[in-house]
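Some notes on the structure that comes next.
The values are calculated or read from the model by the stated rules, or taken from the named source; none is laboratory data. Just so it is clear, the structure is predicted and the values come from calculations on it, not from any experiment. Note: ideal-geometry Cβ built from the backbone for every residue, glycine included; neighbour counts use all protein chains shown.
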Amino acid sequence: MPSAVLIVDDSVSVRKSISQILKQHGYEVEEAVDGLNALAKLESRVFGCVITDVNMPNMDGLEFIRHARAVEKGRYIPILVLTTEAQPDMIRTGREAGATGWIIKPVNDVKLLAAVRKVLVNG
């Protein structure tokens with residue numbers, strides 16, 4: 001199973017923070033600024049999982065998940081949503097779109113790493 005993780009978030013500081021945590025634990029990381037950018041990156045290589053925000057310009061995280069699930073390279077990849085959105089309706093919509101898991105920001109290193117390890121093993 002590839003250990004490369006794609007981080008999708010329009011916030012540079014969030015991407016860098018998550019990237020640093022994952023790199024310190026041996027993961028290869030690639031970053032995307034929004035859903036459109038992430039779809040292009042999904043086409044170019046194989047990732048072990050994706051971590052995406054919901055609220056982004058151009059293509060939000062839920063729309064990205066829907067599009068990713070419609071293409072071969074994104075159909076079965078684990079996709080974790082990392083967001084401030086905690087409403088049950090939003091979480092349900094995310095699951096219906098194809099999200100593998102839902103993590104509420106802010107997240108600590110331990111919880112983030114546990115979620116990534118879980119989907120990489122079970123994905």
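In segment 109-120, the residues that are crowded, with 16+ Cβ neighbours inside 10 Å reach residues that are of a type in the set (S, T, N, Q) and modelled with pLDDT of 95 or more with C-beta atoms within less than 7 angstrom, at least six apart or across chains, in these pairs: V119/T100. Of all the residues in segment 86-108, those that are in contact (Cβ under 8 Å) with a residue 40 or more places away in the chain and among the hydroxyl-bearing types (S, T, Y) number 1.
Confirm whether E30 is without any contact (Cβ under 8 Å) to a residue 40 or more places away in the chain, farther than 21 Å from L113 by Cβ and of a type in the set (D, E). Taking the combined requirement at face value, the residue does not satisfy it. Taking residues in segment 73-85 that are within 19 Å of K16 (Cα to Cα), and partners anywhere that are part of a loop (DSSP other than H, G, I, E, B) and among the aliphatic types (A, V, I, L, M), the pairs with Cβ atoms closer than 6 Å and at least 6 places apart or on different chains are I79/A99; V81/A99; T83/V54. Each residue in segment 1-60 was checked for being under 11 Å from the mean Cα position of the chain (by Cα) and aromatic (F, W, Y), and 1 of them qualify.
For segment 6-47, the set of residues classified as over 14 Å from A68 (Cβ atoms), of a type in the set (G, A, S) and not in a loop (DSSP other than H, G, I, E, B) consists of S13, S17, S19, listed by residue number. Of the residues making up segment 61-100, those that are surrounded by 16 or more Cβ atoms within 10 Å (Cβ to Cβ), modelled with pLDDT under 95 and under 20 Å from V12 (Cα atoms) are T83, E85. The set of residues in segment 48-80 that are of a type in the set (A, V, I, L, M, F, W, C) and assigned to a helix (DSSP H, G or I) comprises L62, F64, I65, A68, A70.
Taking every residue in segment 14-25 that is under 16 Å from P106 (Cα atoms) and touching a residue at least 24 places away in the same chain (Cβ under 8 Å) and pairing it with any residue that is among the basic types (K, R) and not in a helix (DSSP H, G or I), at least 6 positions away or on another chain, the pairs with Cβ-Cβ distances below 9 Å are V14/K105.
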